[in-house]
Amino acid sequence: MLSQHTLRSLLLPVLFAGIGAVTSAQAADNNLYDWQPCPDSLAVEGGAQPTKKWDLTLSPYTHHWSYSPEHKQVMLGALDSHVSGGRFCGMALFTNSFGQGSTYVYVGQQWDGIWGNPQLFTKVSAGLLYGYRGAYKDKIPFNQAGIAPAIIPSLGYAITPKDSAQVFLLGNAGLLFAYARSF
């Protein structure tokens, strides 16, 4: 079993290497940058075209609603691909609250300009969560063989057209604070 420190030291360089690879590949071959992993059925026919193709989200901190000596620091990296109509699909790799390597694969919807503020947005994603195993399998509802459904809403603020800060509501567990870069 990898320690939290080992997972963090492996996860962050891989994410940053991936960013470099995507950026280099984009310069070398624009077709890779245009690759769309989301299913065609996710896009809204005639919907507004996305102003961004990808979001890279990094989170170094999660606030738990209640203290537990078992809680570990959560580290998260996620990559979202955007399609028409404000929809997206993506995958997050993270260490969960108990230090276990975990994955969340999802689809979602984003709404921009909420409450009349063009910089505020909200998102909701729904998908499958893998990683709560062993003694921690009952820490999330409906967990079967380490896989459980999840719905995660968030509120974000666009600092610049390419940078945003977001807060994700993790049910009755807590809040995840993140930075996202669009490209």
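Annotations
- Flag for PRO60 being part of a strand (DSSP E or B) and at pLDDT below 95: yes
- Whenever a residue of region 154-183 is at positive phi, its partners that are β-branched (Val, Ile, Thr) and assigned to a strand (DSSP E or B), lying with C-beta atoms within less than 9 angstrom and at least six residues away or across chains, give the pairs GLY171/ILE151; GLY171/ILE152; GLY174/THR62.
- Pairing each residue of region 92-103 that is outside any strand (DSSP E or B) with any residue that is of a type in the set (Asp, Glu), provided the two are 6+ apart or on different chains, yields C-beta distances under 8 Å for SER97/GLU70; PHE98/GLU70.
- Residue list for region 163-183, filter: under 16 Å from the mean Cα position of the chain (by Cα), surrounded by 13 or more Cβ atoms within 10 Å (Cβ to Cβ) and not in a strand (DSSP E or B): PHE183
This table checks each residue for (1) among the hydroxyl-bearing types (Ser, Thr, Tyr); (2) closer than 28 Å to LYS52 by Cα; (3) crowded, with 16+ Cβ neighbours inside 10 Å.
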{"residue": "ARG87", "(1), (2), (3)": "no, yes, yes"}
{"residue": "ALA92", "(1), (2), (3)": "no, yes, yes"}
{"residue": "THR95", "(1), (2), (3)": "yes, yes, yes"}
{"residue": "SER125", "(1), (2), (3)": "yes, yes, yes"}
{"residue": "PRO153", "(1), (2), (3)": "no, yes, no"}
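The values are calculated or read from the model by the stated rules, or taken from the named source; none is laboratory data. Note that the coordinates shown come from a computational prediction; the quantities given were computed from them, not determined experimentally. Cβ coordinates were reconstructed from backbone atoms using ideal geometry, including for glycine residues, and neighbour counts include every protein chain displayed.
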